[in-house]
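Read-outs: derived from the displayed coordinates by stated rules, not from any lab. Small disclaimer: the values here were computed from a predicted structure and weren't measured. Every residue, glycine as well, gets a Cβ built from its backbone with ideal geometry; the counts of neighbours run over all protein chains shown.
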Amino acid sequence: MDLSTLKPADGATKNRKRIGRGQGSGRGGTSTRGHKGAKSRSGYSRKIGFEGGQMPLYRRLPKFGFKSFNRVEYIGINLDTLVALVEKLQTKDITLEVLEKNGVISSNDKVKILGRGELNSTINVTAHAFSKTAKEAIESKGGVATTI
């Protein structure tokens with residue numbers, strides 16, 4: 001066995017079509033592009049959304065909507081998720097670092113604590129925002145809801 005004797009298996013490679021190399025090749029003349037028109041020219045590219053001259057969909061539909069560039073997206077975390085985390089970790093303090101370390105949020109997420117679920121012990125929570133019901137539930141059990 002010698003590296004110089006290696007070759008691909010039979011049928012594994014094909015020769016590429018050599019277009020536009022004269023009439024004798026069978027692919028001369030128009031080079032399989034048909035006759036005339038923009039599509040036969042080099043450098044042709046159709047614009048995105050072009051529908052053959054028909055009014056394109058993006059122009060048939062009306063404009064609507066608005067996106068505020070000041071909008072802040074929060075990741076909502078319910079109290080029942082916090083209770084499960086407290087029982088798993090045996091801790092009373094829930095911070096962003098704890099949530100990130102346990103895969104609940106990513107590093108740049110903003111967190112809002114929501115009120116679904118029942119608290120069965122005192123916990124101290126640090127987050128970017130709290131719903132009214134979540135804050136009341138945490139403070140009624142003697143915990144602290146700290147807003148960053």
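Details
- Per-region count, segment 92-128, residues touching a residue at least 40 places away in the same chain (Cβ under 8 Å), closer than 17 Å to V72 by Cβ and buried (at least 17 other Cβ atoms within 10 Å of the Cβ): 2
- Subset of segment 129-148 that is without any contact (Cβ under 8 Å) to a residue 24 or more places away in the chain and not in a helix (DSSP H, G or I) - its residue that is surrounded by the most Cβ atoms within 10 Å (Cβ to Cβ): F130
- Scan of segment 68-121 for residues that are at positive phi and within 27 Å of the chain's Cα centre (by Cα), ordered by number: G103
- Looking at segment 1-114, none of the helices (runs of 4 or more DSSP H) lying wholly inside it contains 3 or more residues that are in contact with a strand residue (DSSP E or B) (Cβ under 8 Å, 6 or more places away or on another chain) and farther than 23 Å from K132 by Cα.
- Meets criteria (closer than 30 Å to K112 by Cβ and free of Cβ contacts under 8 Å to residues at least 24 places away in the same chain) for S68: yes
Residue by residue, here is whether (1) closer than 18 Å to K110 by Cα; (2) of a type in the set (K, R); (3) in contact with a Gly (Cβ under 6 Å, 6 or more places away or on another chain) holds:
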| position | (1), (2), (3) |
| --- | --- |
| K47 | no, yes, no |
| G52 | no, no, no |
| R59 | no, yes, no |
| P62 | no, no, no |
| K67 | no, yes, no |
| G76 | yes, no, no |
| L79 | yes, no, yes |
| A84 | no, no, no |
| E87 | no, no, no |
